[in-house]
Each structure stands twice: as C-alpha cells, then as structure tokens.
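Engineer: Take a look at the following structure, please.
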Amino acid sequence: MALIHGGQLQQIAQKYQTPAEQWLDLSTGIAPLSYPIPDIPLNIWQDLPQQNIDLLTAAKHYYQCEHLIVTNGSQAIIKALPELWQKKQNTLTLDNKDPAHCAHHVYLPQYGYKEHAQAWRNAGYSLHFYLDELPVIDDIQANSVLVIINPNNPTGLLFTNETLLTYQKVIENLNGLLVVDEAFMDVIPTNNSICSQVANSNTLVFRSFGKFFGLAGIRIGFLVANQSWCEAFNEHLGPWQVNGPAQLIALHALHDSDWHQQQKQTLNILRNELEKLLWQYLGNNIISEIKGTDLFLTLSFNEASNINAESLYTLLCQQAVYVRLTDEKDKLRFGIPTQQQLIKLAKILQACI
C-alpha cells in the first residue's frame, strides 16, 4: 500500500476543490529557496548519463567521507536494503553454519519517515519501535538492524555524534547494521554527522540533496558506506541511476560554499520568523511545543484545547494552506515559508483562529 507523504498537492487541491495554483504549500521539508540552475550543455541532455567522477569527488568533500554512491534519492536505497542485508546475512550463515545469523529484527523510530518501516515490513522482518530514546543497548538482539533518523523528521530530535558512535560500536559487535538517515543534516552543525566514520561494514548513512538545495525534483541523493556496500548497491541498482543534468547541477551546487553559508543563514532567519508567527497566532492555549529544524517545524497540541492537529489541518486546508498532518494524526509539520509566504500565512491564521 502506498504511503502518504507531503507534497501531494494535486490530490489535496482536488479534495478541497481549490485550484492547485491558489494554495500555499508548506507540506514538505524542502527549502523554499533553491540553488540556481547553471547552464547545461546540449550533450548532457543527449548522452546517456555516465558516472561523474568530479561529482563523486565533490560529494566526498562535502560529506567528509571516503566512499559513497550517487542515487536517484534515498527511496531506491531504502527499498533495496532489506534484500541486500538478507544476502549478507545468508553469507554469514553459510560461513558460520549458525541460523542465528539470520535474525529478522529491526528497530525504528515511532515517528519518522515511514518508508523505512514499510521496506522492512514488506521483507518479512519483525519491527520494534522506539520513541525519544534509542533502544536500550542491552536489549538489542544480535544481527539486528537499528534505523536512526538524525535529525528526526518530524520531531526534530537530534542524537549526538557521541551517542551514535556508542551504538555503532555495539551494533558492530552484534554483527548488526546501523542505518542513519541524515536527510536534514545539512542545516545542522557538521560535527553531528557520522559520514566520516563508516569504515566498517555495519554502518550506512543516507544523505539527501534536494531538501537543503531546494531541488527535490531532480531526484538525487547519496549513500555513504564502505567500499563493499557501495559496490553491492551499484551492482544491484544497475546503470543510469541519475540523469546527466541532475549530476551537473549537483556538482555545481556542492562546490558553492558561499551559497551554502547564505542558504543556512536565510533558512535560520525564516525558521525563527515562522516559529514566532505560530506562537503569536496559536499560542500556548493550543500548542504545547514547537520542535524541528531550519527546514521544518512540528507542532504538538495541548490535550485540553478544542483545536487539535486534525481540526487545524482541516481549517488550514479550507483556506488553501497545505501542511503535513503526521501519520499518527497528533502533530502538524510546517515547511519553512519565504518572506512573502509568511505574510500570507499570518493573514490566514489571523482570519481562521
């Protein structure tokens, strides 16, 4: 069954019978300001996409890692991972003649990108969910998979590098797999990433390009892993994963450190203005807290309020404002608006609350 995600404006517009071009779409965690598209030579459009060595070099520098592969977003990696992990487990079983090496347990955040859980569930794994605290180390079973979204979407929860490295060592000793989804890490200080520390075969890190650079439509991302995992995914996914124009755009964007700094400053200003606006018009009578990153903010609601996440979501949709109602239907996530969008949002909140 297909999962619900943000960015499905056409369906929402049809449901509320308002043309899509009239909506204020804040349903994703994609930056509202995008990297400017460079000139793309005609031959890039005409030729089959080849592996761009310059892009790989630029990405290794940007993510501070030794090995990675370029992908058409994280989704292909998420979907392929259970099968490739099972193959690795089967190899261990043959080598050790011990069926315990085929443990089918995965630990995942209760709140988070649901495609992770969907992929492991479809592959027949037993899922164990945790909330704000990672699973107790002593409770993690051998040969298991631990998925961490850092920072978490939608809660904004950020685990320290020290914590992640502690779990990495435990997972390695248990012959398990640590999967860290760093899709929103670009707006977090770089010392929180573990991309530089994935030399063993028990750690994978997913990095998104489209969110921070505001270019989700070109469908490009990166898997940071050791050489063995990179080769396994390249073989499994096959050739021509990412089109040539996307690779060229990403190459320019990853090199542009001045733009990176400006984007971070702008997003932080817009995030702070959005948070101030939400508290001003909703107040602590309705919302209990606001968490998130410089790419999204997530509202939790007071139980005593007569307005909850679902009712506010409906009110906003009726005013052609599209935000993300979490899968648990108890929180609302707002993407970061531009200055003009902030003005529009303020008028709508003032009118409907």
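Engineer: At most 16 other Cβ atoms within 10 Å and a DSSP loop assignment: could you name the chymotrypsin sites (Phe, Trp or Tyr not before Pro) in the range 225-318 that fit? Don't jump to the answer; show the numbers that get you there.
Structural biologist: Values: sites: Trp229, Phe233, Trp240, Trp259, Trp279, Tyr281, Phe296, Phe301, Tyr313; in loops: Trp240.
Answer in residue order: Trp240.
Engineer: Ok, one more. Calculated from DSSP H runs of 4 or more alone, at -39500 (n - 2.57) each and per residue, what is the 222 nm mean residue ellipticity of the chain, nearest 500?
Structural biologist: Taking each H run of at least 4 residues, the total per residue is -13000 deg cm²/dmol.
Engineer: Follow-up question, since we're still on this one. Beyond a 24 Å Cα-Cα separation, which of these cross-linked pairs lie in this structure: Lys114/Lys347; Lys60/Lys264; Lys114/Lys291? Walk me through the numbers on the way to the answer.
Structural biologist: Working: Lys114/Lys347 33 Å; Lys60/Lys264 20 Å; Lys114/Lys291 19 Å.
Flagged as over cut-off: Lys114/Lys347.
Engineer: Considering only DSSP beta bridges whose two residues both sit in the chain, what percent are antiparallel, to the nearest 5?
Structural biologist: Working: 21 of 39 bridges.
Antiparallel bridges make up about 55 percent of those DSSP assigns within the chain.
Engineer: At a 1.4 Å probe radius, carbon and sulfur cover how many percent of the accessible area of the range 267-344?
Structural biologist: Of the solvent-accessible surface of the range 267-344, carbon and sulfur hold 43 percent.
Engineer: Report the GluC sites (Glu not before Pro) located in the range 267-353 that are in a DSSP loop and have at most 16 other Cβ atoms inside 10 Å of their Cβ, or state none.
Structural biologist: Glu303, Glu328
Engineer: Quick check: at a probe of 1.4 Å, how many percent of the accessible area of the range 37-175 sits on carbon and sulfur atoms?
Structural biologist: 52
Engineer: Now for a different question. Tell me the relative contact order for the chain as a rounded percent, counting alpha carbon contacts under 8 Å between residues six or more apart. If you can, show how the numbers build up before the last one.
Structural biologist: On the way: 596 pairs, mean separation 85.1, N = 353.
Computed over the chain, the figure is 24 percent.
Engineer: Loop sites only, by DSSP: take the trypsin sites (Lys or Arg not before Pro) in the chain that have at most 11 other C-beta atoms within 10 Å and name the longest stretch containing none of them. Each step should come with its number before you reach the end.
Structural biologist: Details: sites that count: Lys97, Lys329.
For trypsin sites (Lys or Arg not before Pro) (loop position, at most 11 other Cβ atoms within 10 Å), the longest site-free span of the chain is 98-328.
Engineer: How high is the relative contact order of the range 113-257, given as a whole-number percent (alpha carbon pairs under 8 Å, six or more residues apart)?
Structural biologist: 16
Engineer: On to the next question. Place a +1 charge on the Cβ of each Lys and Arg in the range 257-353 and a -1 charge on the Cβ of each Asp and Glu, then give the dipole magnitude about the Cα centre in debye, rounded to the nearest 20.
Structural biologist: Dipole of the range 257-353, to the nearest 20 debye: 240 debye.
Engineer: Largest first, how would Thr155, Thr160 line up by accessible area (1.4 Å probe)?
Structural biologist: Working: Thr155 30, Thr160 70 Å².
From most exposed to least exposed: Thr160, Thr155.
Engineer: What does the charge add up to near Ile343, with Lys and Arg as +1, Asp and Glu as -1, over the other residues with Cβ less than 15 Å from its Cβ?
Structural biologist: Local charge sum for Ile343: +2.
Engineer: Further question on the same structure: Which of the lysines could be linked to Lys88 by a straight reach, that is with a Cα gap under 22 Å, when you skip same-chain ones fewer than 8 residues away?
Structural biologist: Lys79, Lys97, Lys169
Engineer: For the chain, compute the orientation-averaged projected area of the C-alpha convex hull (one quarter of its surface), in nm².
Structural biologist: Directional mean of the projected Cα hull area for the chain stands at 18.8 nm².
Engineer: What does the range 8-62 give for Rg and for Dmax, in Å, if only its C-alpha atoms count?
Structural biologist: Gyration radius and largest Cα-Cα distance of the range 8-62: 18.2, 47 Å.
Engineer: For the full complex of protein chains and a 1.4 angstrom probe, list His5, His236 by accessible area with the highest value first.
Structural biologist: His236, His5
Engineer: Another question, then. Counting only other residues whose beta carbon sits under 13 Å from that of His255, what net charge do I get with K and R as +1, D and E as -1?
Structural biologist: -2
Engineer: Over the range 231-316, what relative contact order in percent results from Cα pairs under 8 Å that are six or more residues apart?
Structural biologist: 18
Engineer: So what are the three principal axis dimensions of the range 235-277 from its Cα atoms, in whole Å, longest to shortest?
Structural biologist: 48, 23, 15
Engineer: Here's another thing I want to ask about it. In square angstrom, what is the accessible area per residue of the chain with a 1.4 angstrom probe?
Structural biologist: I get 47 Å² per residue for the chain.
The values are calculated or read from the model by the stated rules, or taken from the named source; none is laboratory data. It should be emphasised that the depicted structure is a prediction, and the values quoted were computed from it without experimental measurement. Counting neighbours? That spans all protein chains shown, and the Cβs are built from the backbone with ideal geometry, glycine included. With ligands, DNA and RNA removed, areas are computed over all heavy atoms of the protein, side chains included. Shrake-Rupley method; radii C 1.70, N 1.55, O 1.52, S 1.80 Å.
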